[in-house]
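See structure below.
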Ligand SMILES: Cc1ncc(COP(=O)(O)O)c(C=O)c1O
């Protein structure tokens with residue numbers, strides 16, 4: 001089938017009239033090449049179809065939520081069965097307790113769970129609980145990390161007051177000295193340290209947490225009477241079936257989960273240890289849809305799959321196939337790729353590509369070959385991605401390398417990125 005984007009262009013025009021900027025937030029394609037579809041018609045397994053009917057192997061997995069495959073039957077069945085009984089009722093259903101028990105059993109540090117809708121809800125609740133628990137104000141925050149889109153953490157500060165962030169103190173990830181300096185400066189006023197399990201930010205290489213840093217962060221929290229908060233919203237269940245720092249023997253006091261815990265159904269969670277139960281009982285947090293039962297039923301089934309199947313091992317095997325294949329391909333075409341982070345959450349950038357024009361050109365060519373890749377955001381593999389899917393991607397990327405080789409001299413940086421990174 002010939003690649004087209006007519007319907008998508010029409011929808012974009014309509015959206016421009018009735019949606020600010022035509023779209024907003026992380027799924028806006030404003031920073032992506034024009035060819036990238038803004039609107040999709042459906043998803044199944046590891047594939048998505050845009051509104052023009054183009055089919056792609058999807059390496060974004062809805063920016064994380066798709067863990068087991070779009071429309072994964074056991075999860076859909078559990079959700080449908082709960083839907084038939086009721087979803088948003090005057091009070092929660094039994095499944096809320098079952099889900100809390102499931103998460104507490106699964107995640108080593110957790111003794112209790114609270115549920116909400118988005119990752120931002122979870123991180124916001126965690127810092128409020130930490131402040132309530134300690135009676136302190138400061139939250140130590142790794143510079144450049146994405147923890148959501150509330151005033152205290154949104155990356156774009158328009159409409160945000162300095163007061164909203166008055167008690168956020170920034171440190172450098174993987175740099176214990178900078179964390180300790182922040183502690184020393186605010187000794188008796190640090191409520192908590194917030195960290196993601198590894199560095200997974202846009203436009204830069206990913207970086208795993210150093211064991212020394214993870215252990216040091218825990219020790220500093222204990223020394224100063226602060227709480228350690230791990231933000232698992234993006235990496236949760238893709239790194240491990242537990243918190244990401246469990247491998248270092250480091251347990252947080254609070255952890256935040258979202259995105260994929262119900263394989264795409266809207267629910268997020270804050271988990272805590274008994275140590276911080278007091279704080280959690282003292283705060284008032286809620287939302288009209290936070291107690292809805294369908295996403296909870298979907299989460300219970302997703303977590304069953306997580307515990308009882310090799311979903312993670314298959315996800316890693318597929319990710320490894322892609323990484324190895326790309327490494328070889330890039331070399332044979334005379335390019336150097338920087339592939340960073342876990343293979344199941346790959347970030348793929350080009351060496352010697354300061355304004356990202358090579359990466360953008362390559363991603364567009366791959367898109368037209370049926371592979372939906374992202375030129376500056378980490379991607380996500382699901383357990384529905386087969387080795388054959390990775391071969392389809394590799395076929396598309398092989399042709400994309402060839403195309404970029406030919407057009408290299410005429411590639412231009414994206415106009416908005418040009419403003420951000422400067423013209424080269
Ligand atoms: C590490 C991390 N924390 C929090 C969030 C916010 O989650 P949500 O977009 O569901 O509010 C995200 C979203 O990407 C994230 O990656």
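No value in this document is a laboratory result; all are computed from the given coordinates. For clarity, every value in this text was computed on a predicted model and none was experimentally measured. For neighbour counting, all protein chains shown are included, and Cβ atoms are generated from backbone atoms with ideal geometry for every residue, glycine included.
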- Have a look at segment 8-53 and give its Rg and Dmax from the Cα atoms, expressed in angstrom. 11.1, 33
- Tell me, what does the Kirkwood hydrodynamic radius of segment 249-341 come to in angstroms if you use every pair of distinct C-alpha atoms? 17.0
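Taking neighbour counts of Cβ atoms within 10 Å as a proxy for exposure, in what order, fewest first, do 3, 290 appear?
Numbers: 3 14, 290 19.
Ordered from fewest to most neighbouring Cβ atoms within 10 Å, 3, 290 come out as 3, 290.
Could you order peptides 190-199, 45-54 by the average number of other Cβ atoms within 10 Å of their residues, highest first? Intermediate values should be presented prior to the final figure.
Details: 190-199: 25.3, 45-54: 19.3.
So the order, starting with the most tightly packed, is 190-199, 45-54.
Give the whole-number value, in cubic angstrom per residue, of the convex hull volume spanned by the C-alpha atoms of segment 168-217.
Numbers: hull volume 4.2 nm³, N = 50.
Expressed per residue, the convex hull around the Cα atoms of segment 168-217 is 83 Å³.
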- Note on the structure: Cα-Cα pairs in the chain separated by more than 42 Å, as a whole percent of all pairs, come to 14
- Task: Work the Kirkwood hydrodynamic radius out for segment 88-291: mean of 1/r over every pair of different alpha-carbon atoms, inverted, in Å.
- Result: 17.1
- Task: Sum -39500 (n - 2.57) across every DSSP H segment of at least 4 residues in the chain, then divide by the residue count to get the 222 nm mean residue ellipticity, nearest 500.
- Result: -12500 deg cm²/dmol
- Task: Please report, largest first and rounded to whole Å, the three semi-axes of the ellipsoid equivalent to segment 54-195, where each semi-axis is the square root of five times an eigenvalue of the C-alpha gyration tensor.
- Result: 35, 21, 16
- Item | Ellipsoid equivalent to segment 103-179 - semi-axes via the Cα gyration tensor, in Å | 23, 17, 13
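Over segment 1-94, what is the mean sequence separation of C-alpha contacts under 8 Å (at least six apart), divided by residue count, expressed as relative contact order in percent?
Working: 75 pairs, mean separation 19.2, N = 94.
The normalised contact order for segment 1-94 reaches 20 percent.
With 10 angstrom as the radius, rank 388, 121 by how many other C-beta atoms surround their C-beta, starting from the fewest. Please report the intermediate quantities before stating the final value.
Numbers: 388 12, 121 24.
Ranked by crowding around the Cβ, least crowded first: 388, 121.
Averaged over every viewing direction, what's the projected area of the C-alpha convex hull for segment 314-357? Give it in nm², one decimal, please. Spell out each step's value before the answer.
Numbers: hull surface 12.4 nm².
About 3.1 nm², averaged over all directions.
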- What is the helix-to-structure angle for 73-85, meaning the angle in degrees between its Cα long axis and the longest Cα principal axis of the chain, kept from 0 to 90 and rounded to the nearest 10? 50
- Task: For the chain, give the share of DSSP beta bridges that are antiparallel, in percent and rounded to the nearest 5; count only bridges with both residues there.
- Result: 60
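Using only C-alpha atoms and all pairs of different ones, pull out the Kirkwood radius for segment 51-98 in Å with one decimal. Walk me through the numbers before you get to the answer.
Working: mean 1/r = 0.0739 Å⁻¹.
Roughly 13.5 Å, rounded to one decimal.
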